[in-house]
1. On a full-extension model of 0.36 nm per residue, what is the gain between residue 130 and residue 142, subtracting their alpha-carbon distance, rounded to one decimal in nm?
2. Rounded to the nearest 0.05, what FRET efficiency is calculated for residue 371 and residue 195 with R0 set to 41 Å and r the Cβ-Cβ distance?
3. Could you calculate the contour length gain from residue 341 to residue 257, that is, 0.36 nm times the residue separation minus the distance between their Cα atoms, to one decimal place in nm?
4. Could you give the accessible area per residue of the stretch 273-396, probe 1.4 Å, as a whole number in Å²?
5. State, to one decimal in nm, how far the label point of residue 359 lies from the label point of residue 235, with both points 7 Å from Cα in the Cβ direction.
6. If R₀ is 22 angstrom, what is the calculated FRET efficiency for the pair residue 426 and residue 183, using the beta carbon separation as r and rounding to 0.05?
7. Taking the stretch 189-242, which trypsin sites (Lys or Arg not before Pro) meet the DSSP loop condition and have no more than 10 other C-beta atoms within 10 Å?
8. Order these peptides, 127-134, 99-106, by their mean beta-carbon neighbour count within 10 angstrom, highest first.
Amino acid sequence: MTAISKRGAGLRSVATLVCGALAAGGLAAAGATALQPGAAAASSHREAPLISGTPQYDNTDVYAFVSPDKPDTTTIIANWIPFEEPAGGPNFFTFAEDAQYDIHIDNNGDAQGELLFRYTFTTHVKNKKTFLYNTGPVESLDDQDLNVTQTYDIDLLRLKKQHLMSRTKIADDVPVAPSNVGKASMPDYAKLREQAVHELAGGSTTFAGQADDPFFLDLRVFDLLYGGNLSEVGNDTLKGYNVNSIALQVPNHLIRESAGRPVVGIWSTTRRKNAQGHFRQVSRLGNPLVNEVVNPIEDKDTFNASGPWDDARFLDNVTQPELPKLIEAIYKIPAPEEPRNDLVDVFLKGVEGLNQPPHVTPSEMLRLNTSVKPAAAPKRLGVLDGDNAGFPNGRRLTDDVIDAALQVVEGELLGAKNDLGDAVDANDKEFEKAFPYVALPTEGSRGPLAKGTSGGNDVRSQIGDALQPTGSDDTTLIAASAGAGAGGILLIGVALMWWRRMRGRAY
């Protein structure tokens, strides 16, 4: 597919793109209809005023797909903590202990969750008299050199119209994969990842820990719509950043109502303990981009605290979206006629004949038909390109939801064929072939090495050179050091003179 074209066609593309994102978001917030691809485009990184200041509770993305190597199971991946800088120590990135990280399943289309998988975390510190996350190379999750660790429990709650019917603990004290500090600290991080994959009774599997952020797009859309002239496209802005992932693989029969009712709705939330000791929902995510570009600022925090059964209150944001109007004002491209019932039908209900439950209640969540087998060769545009195993029938890690949204908004489903997009078609890292599928996190040791080193040689005998950053000027460093030394001697001399004068003064 081609990147958004420039000028002439460029203005049209921009508008299209914006409309696409807008529409996508709206959809997500609402539902879906026939063969339209899931428009929702982006994710949910720092999308609302309150949650942007508390990243440990911030849902960034939700994925749900029939497991490619185990088609009798469904894999759900939910991510938190956006924009993790891999070298961001010494505290690095942990799940919050005062939070409940929840994955919800609606298996009858009534916008209410019938199943809830609740993850809660506990932090352990071996030695509080050091500032280090790890005190030596870490070879395993129970290595004594791994100073800060986390474990988690999982409770399965069965609900009916939001009333608790039963609660079962299905996992206890499962270890979390740590932040990838760097090659010296964690020489075999893949081994640590493998040890954090835990099998549960009944055929389920769980994982929690750091991973590469799987979402790919060019976030410079916020710089006046890709630079104001479409020059800022083609860069995966999230490249090199990590997130904290929870991945859960469950048998299809566990989450769907029956073999004849295979469609499930999926979303995630975060509940945080307040000053009174009560848990309150502070983040919510199903389809991507909904709360980012569909809801206005005045609704964002409210949406994060709400449930799908209350989505009617946000309907106007979908049927009368702001973004197309903005595009029209800037680029003179007419906005689609309102109300945008097309977006509501497609994204709040599910695609008819594919993943729309009978008697569905319109609401914002990912909808997945668990009976659709995984594609042998997945197409990044999913349903839009004839691949019914992809977005918006759930969401795979490789689905390019941004481009799909753009093309739909431009009228692809109405016969206006186009290949619009942001020129970012895939993640910068390959995804794993088996559970938990997410790519390994970028290590904190990435980046240029000291002059004269290659990463594998021991330079401790050459400490002087090793301390010089790549590209530094020896003469400049020496001159700077000499200058600093002379300045220090001068300051000491002045201080001594002052001290001697003060000793001779009578108070």
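1. Roughly 2.5 nm would be gained on extension.
2. For R0 = 41 Å, the calculated efficiency reads 0.75.
3. Using 0.36 nm per residue and subtracting the Cα-Cα distance, I get 27.4 nm.
4. 45 Å²
5. The answer from the label model is 5.3 nm.
6. Working from the Cβ atoms, E equals 0.30.
7. Qualifying residues, ordered by number: none.
8. 99-106, 127-134
The values are calculated or read from the model by the stated rules, or taken from the named source; none is laboratory data. Note that the structure is a prediction, hence the values are computed from the model and not measured. Backbone-built Cβ (ideal geometry, glycine too); neighbour counts: all protein chains shown. Ligands, DNA and RNA are excluded from the accessible area calculation, which covers all protein heavy atoms including side chains. Shrake-Rupley method; radii C 1.70, N 1.55, O 1.52, S 1.80 Å.
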